[in-house]
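Please read the structure below before turning to the comments.
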Amino acid sequence: MRLFLASGNRHKQKEMQEIFPEYEILIPADAGIDFDPDETGTTFYENSLIKARALWNLVQEPVIADDSGICVRALKNAPGIYSARYAGPDYMQGKPDGSKISQEEQNRFLIQQLNDTGASDRSCFYACAMVLLLNDEKFFVAQETFEGQLIDDISKQAGNGGFGYDPIVYLPEYKKTIAEISADEKNAISHRGKAAKAIAAILKTIKK
């Protein structure tokens, strides 16, 4: 069975393929589909459902969509749903022209923004809302989190694994950043990994 993933991110596709080894995970580009829905939701769940429905309308096959982001408690859980568009304290929800900055710049901005607040609380968490859409009216949702701490200086970023903000999120229990742990370790404890396991359990109950 194949599942379409409502994303253009090859890193995320690889991660999901590792989590769902018994399925063929395809992204829209694999089917020659130009996919860039307008994410107008105000929560991770709303945006994941928007993406799932948009892709299902194009492929008419089971779709998995997720919306995820990093939430820094001292920044009132920002950047949150705007994590991919975050462009520093002046553009918390993204630049007006829609252009994006590099991930390296995002990482640097986020650490500096937290440092500028003078807050002692460096705790943060990733959140992931994942939707399994079987048809336009039947869907399942799982939402999970992944706790960590932002490093206090960009010079301490470490690791080549993962993607996104992973090199700047430290896991005290591992004494490593997320980008330094193995893919198997990450999938076992991450927001996306835990949400995907819940979705996988649902999939096993569905008659093909």
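The values are calculated or read from the model by the stated rules, or taken from the named source; none is laboratory data. Computed from a predicted structure; not experimentally measured. Every residue, glycine among them, receives a Cβ derived from its backbone with ideal geometry; neighbour counts consider all protein chains shown. All accessible areas refer to the heavy atoms of the entire protein, side chains included, with ligands and DNA or RNA removed. Shrake-Rupley method; radii C 1.70, N 1.55, O 1.52, S 1.80 Å.
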**Asked** Assuming residue 139 fulfils every condition listed in (1) in contact with a Lys or Arg (Cβ under 7 Å, 6 or more places away or on another chain); (2) open to solvent by 10 Å² or more (accessible area, probe 1.4 Å) apart from one, which condition is it?
**Response** (1)
**Request:** Scan the stretch 155-208 residue by residue and report those that are touching a residue at least 12 places away in the same chain (Cβ under 8 Å), of a type in the set (A, V, I, L, M, F, W, C), assigned to a helix (DSSP H, G or I) and open to solvent by 30 Å² or more (accessible area, probe 1.4 Å).
**Result:** 183, 189, 198, 202
**Complete:** Out of (1) out of contact with any strand residue (DSSP E or B) (no Cβ under 9 Å at 6 or more places or on another chain); (2) of a type in the set (Phe, Trp, Tyr); (3) modelled with pLDDT of 95 or more, the one residue 35 does not meet is (3)
